[in-house]
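Q: One structure, pasted below without further comment.
No lab work stands behind these numbers, since they all come straight from the coordinates. The structure displayed is predicted, hence computed values, not measured ones. All Cβ positions, even for glycine, are placed from backbone atoms using ideal geometry, and neighbour counts span all protein chains on display.
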Amino acid sequence: MVFHKHFVDLDCHLMLNRGAIIKALAELHSLGALADDGKLENPVGYQMSRLPLEPVYSKALILANQFNCLEEMLITVAVLSVESIFYDPREKREEVSIPKDHDIFTFSFISTVD
């Protein structure tokens with residue numbers, strides 16, 4: 001796989017290290033977004049570039065559309081794309097926390113044999 005020189009040899013003190021750039025380009029290539037010459041692959045690369053998602057999620061949505069399961073994959077990607085799907089307000093944490101001295105694994109066994 002050959003990448004354009006301007007991708008790898010950018011001279012900027014704020015740029016990521018060279019290894020991270022190579023790794024990112026390799027990932028895009030393995031997902032089919034980049035051709036061997038480092039240019040966007042048509043049409044997959046262009047479709048992926050239009051979606052504001054991680055590359056693997058973009059590719060998953062494109063494939064899901066081809067396999068007629070887009071709705072299910074949209075739900076999956078939506079859940080995976082956020083930090084947490086649960087609402088957890090800081091001011092309410094004390095109300096729902098379990099006291100340390102409370103044993104939540106206490107079970108009562110009822111004998112059904114007489």
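Q: Filter the GluC sites (Glu not before Pro) in the stretch 53-87 to those in DSSP coil with at most 11 other Cβ atoms within 10 Å of their Cβ, and list the result.
A: Sparse-neighbourhood loop GluC sites (Glu not before Pro): Glu83.
Q: Convert each backbone phi in the stretch 65-76 into a coupling constant with the Karplus relation 6.51 cos²θ - 1.76 cosθ + 1.60 (shift: θ = phi - 60°), then list the ³J(HN,Hα) values in order as whole Hz, x for Gly and Pro.
A: Values per residue, Gly and Pro as x: 4, 5, 9, 6, 9, 5, 4, 5, 6, 4, 5, 4 Hz.
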